[in-house]
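Single-structure report; data block below.
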Amino acid sequence: RFTAPCGVLLQVLCGSDRLLCDALQAGACGSVSGNANLFPEIVVGIFEAFARGDLAGARADQEQLDRAREALGDGRYLSLYKRVLERRGLRGGPVRPPLPEAPAALVEAAVARLREHHLLT
């Protein structure tokens, strides 16, 4: 929470998953996270560890989130998120035009990287 010079109380949210742990340390109170849709347990882990004062645990979860971000191309293809969501057992459905479907080879490469990092079984 931040009180602006005009006396207004502001709550700051982090908009970049890459900066989540740092943002919490700087006083942010939340996040707008696309990756939380796929890996909520990692994002929740960051918040819970940080709330306990376990910065090392929050950083370890941040590293896992960074691995997921890297494997998923950091949001380049929304459809890639949907395909991985399906691999986690949830219905993703198609993306709406004009968004493109991720190439199948890209999906398989992302799934392989996620499995390599033990983020997907």
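The values are calculated or read from the model by the stated rules, or taken from the named source; none is laboratory data. Model, not experiment: these values are computed from the prediction. Backbone-built Cβ (ideal geometry, glycine too); neighbour counts: all protein chains shown. Just the protein is used for accessible areas: all its heavy atoms, side chains included, with ligands, DNA and RNA removed. Shrake-Rupley method; radii C 1.70, N 1.55, O 1.52, S 1.80 Å.
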Expected output for segment 19-31 (first residue under 11 Å from residue 59 (Cα atoms), partner open to solvent by less than 60 Å² (accessible area, probe 1.4 Å) and of a type in the set (Val, Ile, Thr), Cβ below 7 Å, 6+ apart or cross-chain) is 20/46; 21/46
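Any idea how many residues of segment 62-87 are part of a loop (DSSP other than H, G, I, E, B) and either among the small types (Gly, Ala, Ser) or open to solvent by less than 50 Å² (accessible area, probe 1.4 Å) (or both)?
Number of matching residues: 2.
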Matching residues in segment 38-61 - criterion: being crowded, with 18+ Cβ neighbours inside 10 Å and in a loop (DSSP other than H, G, I, E, B): 38, 39
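Tally the residues that are outside any loop (DSSP other than H, G, I, E, B) and out of contact with any Leu (no Cβ under 7 Å at 6 or more places or on another chain), restricting the search to segment 88-106. Please lay out each step first, then the result.
Restricting attention to segment 88-106, the residues satisfying the condition of being outside any loop (DSSP other than H, G, I, E, B) are 104-106.
Keeping just the survivors that are out of contact with any Leu (no Cβ under 7 Å at 6 or more places or on another chain) gives 104-105.
Number of matching residues: 2.
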Return yes or no: is residue 48 farther than 30 Å from residue 97 by Cα and of a type in the set (Asp, Glu)? yes
Selection status of residue 120, open to solvent by 70 Å² or more (accessible area, probe 1.4 Å) and in a loop (DSSP other than H, G, I, E, B): no
Has segment 94-108 got any residue that is open to solvent by 80 Å² or more (accessible area, probe 1.4 Å) and touching a residue at least 40 places away in the same chain (Cβ under 8 Å)? no
